[in-house]
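The values are calculated or read from the model by the stated rules, or taken from the named source; none is laboratory data. In this text, all values refer to a predicted model and were calculated from it rather than measured experimentally. Here the Cβ positions follow ideal geometry from the backbone for every residue, glycine too, while neighbour counts run over all protein chains shown. Just so you know, the surface numbers come from the protein's heavy atoms only, side chains and all, with ligands and any DNA or RNA stripped out. Shrake-Rupley method; radii C 1.70, N 1.55, O 1.52, S 1.80 Å.
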Amino acid sequence: QVQLVESGGGLVQAGGSLRLSCAASGRTFSTYANAWFRQAPGKEREFVATITKSLGNTYYAYSVKGRFTVSRDNAKNTVYLQMTSLKPEDTAVYYCAATLKNGILTSTQTYDYWGQGTQVTVSS
């Protein structure tokens, strides 16, 4: 089992940048694939980015591709989401997720472990 704690959210102006971190407990962090999802008020939780556990392959939602970068540091048990060129429509609570399954996984139902979320607000 793994516990996830996100940090790094905040208020930023449009065009700015933020880096989110997701710290995981446990010694088997490298066996988990990770993803970032987000949920805006009144909307369903949506996929943002994922990184596989073995090769570290990444995949992004079309809306963030080229602006966001997901990465992981297995030595620090941490996954990151670097967000640049932020837009007001990026405003949401961002969640980190983990699963023992492998592959490019974009469905919320695939992930077994979730953090509590961190708020990102982009002002225009």
Could you list, in sequence order, the residues of region 1-17 that are touching a Phe, Trp or Tyr at 6+ places or on another chain (Cβ under 8 Å) and either assigned to a loop (DSSP other than H, G, I, E, B) or not hydrophobic (A, V, I, L, M, F, W, C) (or both)?
1, 2, 3, 6, 9
From 93, 48, which residue is crowded, with 19+ Cβ neighbours inside 10 Å, modelled with pLDDT of 95 or more and of a type in the set (A, V, I, L, M)?
48
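The rows are residues; the columns are (1) over 17 Å from residue 1 (Cα atoms); (2) open to solvent by 60 Å² or more (accessible area, probe 1.4 Å).
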{"residue": "22", "(1), (2)": "no, no"}
{"residue": "25", "(1), (2)": "no, no"}
{"residue": "53", "(1), (2)": "no, no"}
{"residue": "57", "(1), (2)": "yes, yes"}
{"residue": "64", "(1), (2)": "yes, no"}
{"residue": "86", "(1), (2)": "yes, no"}
{"residue": "101", "(1), (2)": "no, yes"}
{"residue": "108", "(1), (2)": "yes, no"}
Scanning region 18-58 for residues that are of a type in the set (Lys, Arg), in a loop (DSSP other than H, G, I, E, B) and touching a residue at least 60 places away in the same chain (Cβ under 8 Å) gives 45
Here is a check on your reading of the model: is residue 75 assigned to a loop (DSSP other than H, G, I, E, B) and either in contact with a strand residue (DSSP E or B) (Cβ under 9 Å, 6 or more places away or on another chain) or not hydroxyl-bearing (Ser, Thr, Tyr) (or both)?
yes
